[in-house]
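Working notes for the structure below.
The values are calculated or read from the model by the stated rules, or taken from the named source; none is laboratory data. Everything numeric in this text was worked out from a predicted model, so none of it was measured. Areas reflect the complete protein model, heavy atoms only, side chains present, ligands, DNA and RNA absent. Shrake-Rupley method; radii C 1.70, N 1.55, O 1.52, S 1.80 Å.
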Amino acid sequence: MRLPLVFMFSGQGSQYHQMGRELYDRHPRFRLWMDHCDEIAGPLIGGSLCDALYRDGDKSQPFDRLLHTNPALIAFEFSLARVLIEAGARPDYLLGYSLGELTAAIVGEALTIEQGIGLAVDYARLIEAESPPATMLAVVNVPDIETRYADRMAGCWVTARNFDQHLVVTGPADAIAPLREALARDGVVHQTLAVKYGFHTEMQQALEAPFMALADKLDFAPLRTPMVSCLDGRVYDGDSDPRDWLRRMWATFRQPVEFGATVRSLLAKGDFHFLDVGPSGTLATFVKYLLPADSASRFSDVINPFGMDERKYLGALERIGLNTAYRPGSASYSAVRASS
């Protein structure tokens, strides 16, 4: 029996230089959608988005300028979702993690891709102009960090709880430094994310009014596919007031991400196939650690930073029970590539 399919869209910190490059070079429909997004974003950012993403350099090259990464994440996730849907993978639910909620709104057709990229760029400019810099730190195996390291948490916030043993702490660099030193001293696994601003903290509070002013200029359509909020697990559908979930989208940018609780709330309704449509595969990994041992639910990513994008894309289609004509070496695949 086919499991209900959940498309998951990741947010800031999941991006990297050259993400999706193999698909861009080899999958004609993915390239078409990325180029379409590039045409939208280019005049807004003053240059080619695809050039910024795919210019010379490997995946280790820094890619953290918000003016580029915001629209790049939207473009990548939207384009990947489009080719999955075209191949027959139609989602039953959309789940967005932070900025990924904007992608979910676009894929759910509440916003057009033009509106979504425009909002992502405007939001990036607002953040770069008005938000103080900050550091986001992923921490493993310290679920009680607020009590265990209480003396090092001054000026910091827990901004995401992804599963029981994985959370994110955010704060100004000078506030994060003592915590990072203590974690390193104690051998606690931690990683600085490729994010320069204090999302999901009080540091964003002053931006609410200007963000809502930007969003109020947009016209919203009813959602065509239900969207799950990572703020509280609430499911929005075509009967939901778009302004209501837009306000909650801002709350998602401002409040901590409760990814673990959101997935558990879905699991309480039944079993699902969770498909990570982001560039890093991290949301699929989080789901792996959230599923009970006896769960019939499944999880998979489509691509990740470790390469073989095309093979992983085809494997993802197979894992959800689909066969695609776009197989390397097949006549139909070669014909489409030749015509692109």
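Quick check on my link table: of K217/K312; K288/K312; K196/K269, which ones sit more than 27 Å apart, alpha carbon to alpha carbon? Violating the 27 Å Cα-Cα cut-off are K217/K312; K196/K269. Every helix of 4 or more DSSP H residues in the chain counts as -39500 (n - 2.57), and over all residues that averages to -13500 deg cm²/dmol at 222 nm. Among the protein heavy atoms, those of D237 account for about 60 Å² of accessible surface (1.4 Å probe, every chain in place).
Judged by the gyration tensor of its Cα atoms, with axes a ≥ b ≥ c, the range 128-234 is oblate; a/c meets the 1.5 cut and b/c is at least as large as a/b.
Quick check on the chain: take the gyration tensor over C-alpha atoms, sort the square-rooted eigenvalues as a ≥ b ≥ c, and tell me if it's rounded (a/c under 1.5), prolate or oblate. Judged from the Cα gyration tensor, the chain comes out rounded (a/c under 1.5). Annotation: amide H of M136 within the under-5 Å range of L193, V195, sequence separation 5 or more or interchain, hydrogens built in the peptide plane. With bins 10 Å wide beginning at 0, the percent of Cα pairs of the range 1-85 falling in each bin runs 17, 51, 26, 5, 1. Of the heavy-atom accessible surface of the chain (probe 1.4 angstrom), what whole percent is carbon and sulfur? Roughly 50 percent, rounded to a whole number. Think of a 1.4 Å ball rolled over the protein heavy atoms: the chain then has 41 Å² of accessible area per residue. Remark on F63: its backbone amide H falls under 5 Å from those of H17, a criterion applied only to residues 5 or more positions apart or on other chains, H modelled at 1.01 Å from N.
Here the 3J(HN,Hα) profile of the range 290-300, calculated from phi with Karplus coefficients 6.51, -1.76 and 1.60 at θ = phi - 60°, is 9, 6, x, 4, 9, 6, 8, 5, 10, 8, 6 Hz, Gly and Pro shown as x. For the residues H190, H166, a 1.4 Å probe over the protein chains yields an accessible-area ranking, largest first, of H190, H166. Across the protein chains, with a 1.4 Å probe defining accessible surface, the residues K59, K217 rank K217, K59 from largest area downward. Take the alpha carbon atoms of the range 26-67, find their center, do the same for the range 297-314, and report the distance between the two centers in whole angstrom. Answer, in whole Å: 20.
Taking every protein chain into account, the 1.4 Å probe leaves M212 with about 40 Å² of accessible area, to the nearest ten. Among beta bridges identified by DSSP and lying wholly in the chain, the antiparallel ones come to about 50 percent.
Coupling constants for the range 64-69 follow from the phi torsions by the Karplus curve (6.51 cos²θ - 1.76 cosθ + 1.60, θ = phi - 60°), and in residue order they are 9, 6, 4, 4, 9, 6 Hz; glycine and proline get x.
The heavy atoms of R298 present about 110 square angstrom of accessible area, all protein chains included, probe 1.4 Å.
Using C-alpha pairs below 8 Å separated by at least 6 residues, the relative contact order for the chain is 23 percent.
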